[in-house]
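Working notes, beginning with the structure itself.
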Amino acid sequence: MLIENIEHLKQNEYIFICQNICCRNGVYNMEIILEKILEEPFRRGINKTAIVTIIKKHSTIKSERYGYLTANQVYDMIDEGAAIHLSKVYVKDFSLDEYRATRKLAKYANVKLKWCNFEECVFDISDSNYISFNNADFGNFSVNFSKATFGKGDVYFSGAIFGGGYINFKQAYFSKGNINFDNINFGTGDINFDATHFGDGHVYFNDTNFGEGNINFLCATFGKGNVDFFDCTFGKGNVDFYYTIFDEGGIYFGGATFNKSNLNFAEATFSGGDVFFDCATFNEGSLSFDEVIFGESNVDFNDMSLNELLFDKCNFKTDINIKKLKCKELYVKDCIIKEIFDLSNMSKEKINTLSFNNTKNLGQIFLCWDDNIRSAIVGVENSEKYISKSYTCKLLKENYHNIGEYNNEDYAYVEFRRCQRKSLYYRENINKPKKNNKIFSKEGITYMWEYLKYTLMPLRSRVDYIIGELIGGYGTKPRNVFCSCIITICIFAFIYNILPSGSELSDLFKEKPSEVKLFIESANGKTPISVKYAENILLMDKSTSNNLWASRLWSGIYFSGITFLTIGYGDIAPKDTLTAIFCVLEGFCGIFLMSYFTVAFVRKILR
């Protein structure tokens, strides 16, 4: 799927935010310092104020005032069933695991949290401790973690339940530590991770159900840890990784299921981590990479099933493994391939469209050419113009030549020429010349010449089909050229035998075969058919006319053969203008077809 709103996104405020809080050469470390606690109200319900300084690598954010609450005070709010309104609040060592332990609840019991607002909240963590929202039940309310800051340590949301509300982690900041979103049910609301900073720990979304909403990771930054989406389920919403930065960690979608979701990576950066989609399934959705640079990472789409896979303006600096891909439409447009692009075994599955339009191949593409691949490139269900299709065939032809697959090279070359011919027939990308009424002017003459060429384009296409493809497969099928030579010889032999005076000679053989020599000597000017010298004519039985016709047939084939091969012994020669014209025409055909055969045959042998 093409990303139509890229220019709009470049003007978006998130781009500015991303450029200021993210580092493409590494991720920031962060430290939260509680300077002091003041005995003065911050706002209603929060009676203390904390002065907090947040230090990031190479920068210091000025000290700010936050409301101050202990974890136990937050637990009391949960017990009361009150709204959890902790915007601009400092909390240390908050953990629902500790809450369940102090309330003697089951280890994995769900804890209901209502009307949660954690905007700009600071979650500080003591050494060897962690923040836990495990098995939290947020109900059908919206949940706001925008600009929240999580200190050094692990953060857990595993098993949490989000209802139909909007989930907002926009510009949230996770420091060094693992972030766990395993086994979450996100419900039907949209999920926003725009400009979210994930630290150097691993990020887990394994076995998570993302519901029916849209999921955005616009300008999100991932550190050195891996990002796992193993066995996740995505509903109807789109999943967007626009301008997302992946540092050294890999991203894994192994076994993930996308029901109607489209997964988009636009100008995402993969610095060195792996990109894996093994066994991922897109039921009705698509996967697109737009202006993505694949660095030294491993990229694997093995055994993936989807409707459409698009690579647009991507730079492949590493091997791409797309073995056993089950894909209806594959587009590789305006890309640069520098290493191995492995599509082997892809042809075993039905594919409707395959395009490498405007792609530069500096590496190797492994793709077995067969009828399935051919129909995917030039089939009627493909809406691309034949000029675009010809580019794909030409690229594959050159690729097959470089890797030594010469039979596949021939198949691709024939399709390349066919597409060129059809583009000429349908006059693709060719505008009809504008009419010029000044017939005798230079512009008028130019117009008439261009209009004549425009009019004759379909005829040129037909001629190209007969001479180029039908006779010799554009030089790839010497057997076809050889058969064309034999057919041409037989056609001209038949012509020589049906010329008007052929019947007169036949009658003479039937009636007076002994007088044939006299006839030849006395009837030089009357016989238009090529005639054998009398001393070399086979003696015929007077009662057997079949021998006469057999002799005439052989004589016609013999004369046609030596004329076609331009040997010209002289024992048989044309005796009138009409026959001479046919001989000249056959000689020209012979020179052309023999040259054609020589080129095609030698090409096959030398390779």
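The values are calculated or read from the model by the stated rules, or taken from the named source; none is laboratory data. As the structure is a computational prediction, the values presented were derived from the model and not from experiment. Counting neighbours? That spans all protein chains shown, and the Cβs are built from the backbone with ideal geometry, glycine included. In case anyone asks, the SASA skips ligands and DNA or RNA and just uses the protein heavy atoms, side chains included. Shrake-Rupley method; radii C 1.70, N 1.55, O 1.52, S 1.80 Å.
Here is how the numbers come out for the structure above:
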| quantity | calculated |
| --- | --- |
| Single residue of K328, K324, K350 found to be outside any loop (DSSP other than H, G, I, E, B), in the same structural domain as D290 (by the TED database) and out of contact with any Gly (no Cβ under 9 Å at 6 or more places or on another chain) | K328 |
| Count - residues of region 118-160 that are touching a Gly at 6+ places or on another chain (Cβ under 7 Å) and in a strand (DSSP E or B) | 5 |
| Test result for N321, closer than 25 Å to E398 by Cα, in contact with a Phe, Trp or Tyr (Cβ under 7 Å, 6 or more places away or on another chain) and either open to solvent by 10 Å² or more (accessible area, probe 1.4 Å) or of a type in the set (G, A, S) (or both) | yes |
| Selected residue [open to solvent by less than 10 Å² (accessible area, probe 1.4 Å), within 24 Å of the chain's Cα centre (by Cα) and of a type outside the set (V, I, T)] from F198, F217, F193, F210 | F217 |
| Only listed residue being crowded, with 17+ Cβ neighbours inside 10 Å and at pLDDT 90 or above, chosen from F294, F277, F301 | F277 |
| Any hit, region 8-15, residues being open to solvent by less than 30 Å² (accessible area, probe 1.4 Å) and at pLDDT below 90 | yes |
| First in region 170-197 and in the same structural domain as D228 (by the TED database), second anywhere and part of a strand (DSSP E or B) and of a type in the set (S, T, Y), Cβ under 7 Å, 6 or more apart | H197/Y173; H197/T221 |
| Residue in region 350-357 that is under 30 Å from L606 (Cα atoms), in contact with a helix residue (DSSP H, G or I) (Cβ under 7 Å, 6 or more places away or on another chain) and open to solvent by less than 70 Å² (accessible area, probe 1.4 Å) present | yes |
| Residue within region 136-144 that is open to solvent by less than 30 Å² (accessible area, probe 1.4 Å) and over 21 Å from T188 (Cα atoms) present | no |
